[in-house]
1. Give the residue, chosen from Gly88, Gly17, Gly54, that is more than 15 Å from the ligand (Cβ to nearest atom), touching a helix residue (DSSP H, G or I) at 6+ places or on another chain (Cβ under 6 Å) and of a type outside the set (Lys, Arg).
2. Hey, could you check the stretch 91-123 for residues that are open to solvent by 60 Å² or more (accessible area, probe 1.4 Å) and over 17 Å from the mean Cα position of the chain (by Cα) and say which is nearest to the ligand (Cβ to nearest atom)?
3. Look through the stretch 6-27, keep the residues that are touching a residue at least 24 places away in the same chain (Cβ under 8 Å) and not β-branched (Val, Ile, Thr), and return whichever of them is surrounded by the fewest Cβ atoms within 10 Å (Cβ to Cβ).
4. Do we find that Glu65 is open to solvent by 50 Å² or more (accessible area, probe 1.4 Å), in contact (Cβ under 8 Å) with a residue 24 or more places away in the chain and not β-branched (Val, Ile, Thr) in this structure?
Amino acid sequence: MLESLCAWLEKTPLSAGIQNVGWIIPVSQIVHILGLAAILFSALSIDLRVLGVGGRRTSLAGMTEHFLPWIWSAVPLMATTGAILIIGEPRRDLLNPVFQTKMLLLVCALLATLGIQLMVRGAPSLGGPGGRAPWGLRAVAALSLALWFSIAICGRLIAYFM
Ligand code: HEM
């Protein structure tokens, strides 16, 4: 099924356009990397605060309110630039086990991030500066950190597993 999708995609005028207009792929990769930086910095700030490692002068609620919008606005940007890269070179990505793993990890990372948002929102007592997160929230934060960095590593490794 993926094979026939790739065969169809690479024959589309859109794929030909992405391949032949020289700046589209490099600009998409640059925007993708900038989005990656915003996501990793925001996830790191939130998750380390939840784990009690950093940012303790800021409340948990304050940290999530500040950094979650960066993640939620960067992901659609990553999906758009990622889609352009896929349409331009469908076989390079869709048939690539590392890309498939990355997308699976991405679903898990989005669920973990949503979980942190709902858990912090649902526990106003956690709001105070220096507030200590319950172990369940810390476990989700540790998982979120591992997932986002694994996605970034997979993103880079895609090129080596074609
Ligand atoms: C939201 C959906 C996303 C899609 C559809 C997507 C898709 C892609 C594609 C197709 C590539 C090019 C791989 C190649 O051909 O070499 C790529 C590269 C990459 N992606 Fe994503 N990606 C997404 C989200 C993310 C996220 C959330 C991160 C990190 C947190 C990420 C990190 C990377 C990295 C580091 C690269 C390598 C860039 C390079 O070295 O040029 N991606 N992604």
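The values are calculated or read from the model by the stated rules, or taken from the named source; none is laboratory data. Computed from a predicted model, the values in this text were never measured in an experiment. A quick note on method: Cβ atoms are made from the backbone with ideal geometry, for glycine too, and the neighbour counts reach across all protein chains shown. Accessible surface areas use protein heavy atoms only, side chains included; no ligands, DNA or RNA. Shrake-Rupley method; radii C 1.70, N 1.55, O 1.52, S 1.80 Å.
1. Values: Gly88 fails: more than 15 Å from the ligand (Cβ to nearest atom); Gly17 fails: touching a helix residue (DSSP H, G or I) at 6+ places or on another chain (Cβ under 6 Å).
On inspection, the qualifying residue turns out to be Gly54.
2. This residue is Arg92.
3. Taking the stretch 6-27 and keeping what is touching a residue at least 24 places away in the same chain (Cβ under 8 Å), we get 6, 9-10, 12, 14-15, 18-19, 24-25.
Going one step further and asking which of them are not β-branched (Val, Ile, Thr), we end up with 6, 9-10, 14-15, 19.
On the way: Cys6: 19, Leu9: 17, Glu10: 15, Leu14: 11, Ser15: 18, Gln19: 14.
Going through the qualifying residues, I end up with Leu14.
4. On the way: open to solvent by 50 Å² or more (accessible area, probe 1.4 Å): yes; in contact (Cβ under 8 Å) with a residue 24 or more places away in the chain: no; not β-branched (Val, Ile, Thr): yes.
Criteria not met by Glu65.
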